[in-house]
């Protein structure tokens, strides 16, 4: 594994040091995140290229595929380099229609932990996010207590090293933090979706990572035009600009852009690494979601 200078530097998830520029493995599964990769060799290649580029944060879930994404991660990277940390999720599953039903009973949580251990080929999971809400987003009023208590027990058994939340409200994050140490929160957030601004700042002050997904998701045509204008002015891709904006937004933000192409991954990394956002650029981009 090489150790080039990735954009953003590093962050500590508890006692684990990871690159702030990570890799999200969701797109490695087939269409609609179901079934095996469309190109198995390309899926293996992009994972190995991620590690070769110095990426040490790989985001996954056994629900992707289901199981196929974890299996290809194991094939490509096992035995895992000591610096590489695979982060997974529990709390949801896939149904025969491709839906994402909730799966947070004690039995569900235990089964998902053991399945992740098996498909990834490890004895302990580095970090597990508890997925709250449903396929439409966070659900206010839900308590994290019951499923998180199961994860805390599994952590005490040595099956999980660190815990986080995904698809969660600020109130659920606060409840979880009152129960145990939370090292990261993974939610929808981008230029056009700024609802977690206050939460990001609160987590940064506490040394807790924030991992946004869908960096280009949910843009209206007007917002997309504003992003495109900045990208054209800088001679960059919209993705590079969106990712660079996230990195400068707060030091606790960790990126997990996904792709099934090694060339596209290299483009994302080099595009962000070579990009400097001026104060005017940032002001224009900040106007998108406000």
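Here are the numbers for this structure:
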| item | result |
| --- | --- |
| Selected residue (criterion: surrounded by the most Cβ atoms within 10 Å (Cβ to Cβ)) from residues of the range 134-163 that are touching a residue at least 40 places away in the same chain (Cβ under 8 Å) and over 22 Å from residue 95 (Cα atoms) | 151 |
| Count of the range 164-217 residues which are on the phi > 0 side of the Ramachandran plot and either surrounded by 14 or more Cβ atoms within 10 Å (Cβ to Cβ) or without any contact (Cβ under 8 Å) to a residue 12 or more places away in the chain (or both) | 2 |
| Residues that are more than 27 Å from residue 257 (Cα to Cα) and assigned to a helix (DSSP H, G or I), drawn from the range 149-188 | 149, 150, 152, 153, 154, 155, 156, 175, 178, 179 |
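Yes/no matrix, rows are residues, columns are (1) part of a helix (DSSP H, G or I); (2) touching a strand residue (DSSP E or B) at 6+ places or on another chain (Cβ under 6 Å):
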site	(1), (2)
27	yes, yes
32	yes, no
37	no, no
50	yes, yes
70	yes, no
96	no, no
100	no, yes
115	yes, no
123	no, no
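Let's see how each residue does on (1) touching a residue at least 24 places away in the same chain (Cβ under 8 Å); (2) over 20 Å from residue 213 (Cβ atoms):
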| position | (1), (2) |
| --- | --- |
| 92 | yes, no |
| 95 | no, yes |
| 100 | yes, no |
| 109 | yes, yes |
| 113 | yes, yes |
| 119 | yes, yes |
| 122 | yes, yes |
| 126 | yes, no |
| 132 | yes, no |
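Coordinate-derived values only; no laboratory data. Quantities reported herein were computed from a predicted structural model and do not represent experimental measurements. For neighbour counting, all protein chains shown are included, and Cβ atoms are generated from backbone atoms with ideal geometry for every residue, glycine included.
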